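See below for the structure under consideration.
The values are calculated or read from the model by the stated rules, or taken from the named source; none is laboratory data. Everything numeric here is computed off the predicted structure, so don't read it as measured data. Here the Cβ positions follow ideal geometry from the backbone for every residue, glycine too, while neighbour counts run over all protein chains shown.
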Amino acid sequence: MKASLKNFNILLLIVLPALITGGLLISAGNLTDGLRLGFLSLPGTIFLILAIIKQKKYWHVLTIIWWFIFWLDALLRSSTWFLFNSDNEAYFIIEAVANTNQQEILEFFELHLASLILVLSGLAFLTVSYSYAVFKYLSANDLLQVWNQRFYRFFIIFLILLTITSYLMKPSRKVHPVVFWQDYYSKIQNFKDRIKQHKAVHQQWDLSAKQNLVLTDQAKGKQTHVLVLSESITSLNYGVCGYPRDTTPELNKRLDQLKVFCNAFSPAPSTINALRVLLTESPASEHDKYSPESVLAYARAAGYKIYWISNQDDVYLSSLFGSYTDKAIYKNRRSGRSSSSLDENLLPDYQQALADPEPKKLIILHLIGAHPNYQERYPAAFNRFTSTSNDAVETDLKNRDIDPWIRSLRNDYDNAVLYEDSLLAKFLDELQADHVPDFRSFMVVSDHGNEVGHEIDYAGHSPNTKAGYQVPVIMWYDHIPSTGVDKTRTLNTAELDDNLMHIMGLKEKSAPKRTYWLDNNYQFSPEENWPYWKHRPS
């Protein structure tokens, strides 16, 4: 018993630096990267073991340097979580670093020099002290004793396999300090370049709007327009559109006020490409080129105060769209799949925007919607659909031999749709409660859809299935001429900017004659690669 306990203590002592490395980042708030970093640091234990066995000074030095680098890296990455509850790569941090000049960097180091020296000295002292203690108290015989015990030998082999896997997998390799900080430097430089590029784009937007804007009678008076840009929502999972599950009970209650289109299609299956087409005049085939015109610029030229209230942390979109607006607010400090920020966090800022006394306002809410990971997109109170539901959806998925994991993700996805339904109702109710503006409008468009076992045994962004593109469009404005659900009319969401400008009473001087979504004679005009899912985007 004593020998086994001794072996456990020896093994714990050897892997302690890796536990500290990963544990620091995990305790700060980044579980996945903490685990990856912990495994990536484990080769340091090999250097430690070689130092004990070989008794060579260069192995001792290499061990100290290795753990100093990993501990410093973990400390730096954890600092933004402890200070700002944010990832290092959050937009506001990238922006702050990119906008810091050489003089400001020197001033920062001068101001905090004593603290920096203290931290680095303390870290060096801990690293050397740990290494000294291990080198002094452990011998080659101690290590051999641990290896000879079957349980610990299997455990060590398991750790070796995990370490090798971490180095083989690209997402894990990107967390390695050398790779991470090289990439981070590149992101800073790319951000600086993009800011310069986007400033030139914004100037072109302003010039085009100034030259081409025409105001109609509809543009007169106080106005508040709300545009909700959702994420990864397909109308195939909307209860009001015929989906067997009641995922949209709140919209259902308001169908006498709203117009819901179920057969709308995004021109792109990814966020950046989609929003560049939706909010500017870029055709889908040229989504990688910047358009000289944007609905945001026309709104600004017409005297609107523009809000960009976002629950997504995307450096590109924040630079292209958010930085152009009068007030940009970001509630999410983690990007993509790792985010756990709920869209309800936008409500207080949305209410403040509505209360703004400005006579003309365009409020854009950028939701995280049902972006993978789906289970992170709704609170526990909306966990209505589960594997025990045994409903028509579950039966259909089983009959089509959809994998249990994908079926589980479908349940999470539907719960996320249900949660968004409740929020859209709150956003609309808040707008309708404000009777000060002469005219108000509310429009919801998802950037693109998601495939969650609809056609194939897969969940996520999908350029090759219909669900990756089919999205809902929801409209309301004062005295809207038509309400209810339309399951047949096909819409092209690339026309979002034209329809929003039409509702606001704004026109382009050189624009050709066109029809709008609510017109009786509306004509669906798809992009050139229609149907999109049969022509994989480049």
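Can you tell me which residue in segment 121-147 is surrounded by the most Cβ atoms within 10 Å (Cβ to Cβ), limited to those that are among the hydrophobic types (A, V, I, L, M, F, W, C) and farther than 17 Å from T63 by Cα?
Of everything passing the filter in segment 121-147, V146 is surrounded by the most Cβ atoms within 10 Å (Cβ to Cβ).
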Does segment 64-74 contain any residue that is modelled with pLDDT of 90 or more and more than 19 Å from V175 (Cα to Cα)?
yes
From the list N521, N450, exactly one residue is in contact (Cβ under 8 Å) with a residue 24 or more places away in the chain and not β-branched (V, I, T). Which is it?
N450
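In segment 206-231, what residues are part of a helix (DSSP H, G or I) and buried (at least 23 other Cβ atoms within 10 Å of the Cβ)?
Answer for segment 206-231, where residues must be part of a helix (DSSP H, G or I) and buried (at least 23 other Cβ atoms within 10 Å of the Cβ): there is none.
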Name every residue in segment 302-317 that is among the hydroxyl-bearing types (S, T, Y) and crowded, with 23+ Cβ neighbours inside 10 Å, in order of residue number.
Y304, Y307, S310
Any chance F191 is part of a helix (DSSP H, G or I), exposed (fewer than 12 other Cβ atoms within 10 Å of the Cβ) and of a type outside the set (S, T, N, Q):
no
Going by what's in this entry, would Y307 be described as of a type in the set (F, W, Y) and closer than 25 Å to H371 by Cα?
yes
Run D414 past the list (1) in contact with a Lys or Arg (Cβ under 8 Å, 6 or more places away or on another chain); (2) farther than 28 Å from S389 by Cβ and report the number of the one that doesn't hold.
(2)
May I ask you to verify whether K196 is of a type in the set (K, R) and either closer than 30 Å to D33 by Cα or modelled with pLDDT of 95 or more (or both)?
no
Scan of segment 256-269 for residues that are more than 13 Å from E495 (Cα to Cα) and touching a Gly at 6+ places or on another chain (Cβ under 9 Å), ordered by number
D256, L258, K259, V260, C262, P269
Look through P269, P244 and report the one residue that is more than 27 Å from Y477 (Cα to Cα) and more than 20 Å from the chain's Cα centre (by Cα).
P244
Please state which of the following conditions T493 fails to meet, knowing it meets all the rest: (1) surrounded by fewer than 17 Cβ atoms within 10 Å (Cβ to Cβ); (2) within 28 Å of T224 (Cα to Cα).
(1)
Selected residue (criterion: farthest from N373 (Cα to Cα)) from residues of segment 439-467 that are of a type in the set (D, E) and touching a strand residue (DSSP E or B) at 6+ places or on another chain (Cβ under 8 Å):
D447
Which of the residues that make up segment 26-38 are in a helix (DSSP H, G or I) and surrounded by 21 or more Cβ atoms within 10 Å (Cβ to Cβ)?
D33, G34, R36, L37, G38
So G23, is it out of contact with any Phe, Trp or Tyr (no Cβ under 7 Å at 6 or more places or on another chain), of a type outside the set (D, E) and surrounded by fewer than 20 Cβ atoms within 10 Å (Cβ to Cβ):
yes
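Would you check if there is a residue in segment 382-389 being in the same structural domain as D497 (by TED's automatic domain parsing), crowded, with 21+ Cβ neighbours inside 10 Å and either part of a helix (DSSP H, G or I) or touching a Ser or Thr at 6+ places or on another chain (Cβ under 9 Å) (or both)?
So far as segment 382-389 goes, yes, one or more of its residues are in the same structural domain as D497 (by TED's automatic domain parsing), crowded, with 21+ Cβ neighbours inside 10 Å and either part of a helix (DSSP H, G or I) or touching a Ser or Thr at 6+ places or on another chain (Cβ under 9 Å) (or both).
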Can you tell me which residues in segment 1-50 are more than 23 Å from H176 (Cα to Cα), of a type outside the set (S, T, N, Q) and out of contact with any Asp or Glu (no Cβ under 7 Å at 6 or more places or on another chain)?
M1, K2, A3, L5, K6, F8, L11
Going through S339, S335, S319 one at a time, which residue ends up being at pLDDT below 90, of a type in the set (S, T, N, Q) and closer than 20 Å to A209 by Cα?
S319
The listed residue being over 36 Å from the mean Cα position of the chain (by Cα), more than 27 Å from S319 (Cβ to Cβ), part of a helix (DSSP H, G or I) and not assigned by TED's automatic domain parsing to the domain that holds T325, out of L162, L143, L120
L143
When the residues of segment 123-140 are filtered to those that are in a helix (DSSP H, G or I) and among the aliphatic types (A, V, I, L, M), which remaining residue is farthest from I69 (Cα to Cα)?
A140
Scan segment 240-285 residue by residue and report those that are of a type in the set (S, T, Y) and outside any helix (DSSP H, G or I).
Y243, T247, T248, S266, S270, T280, S282
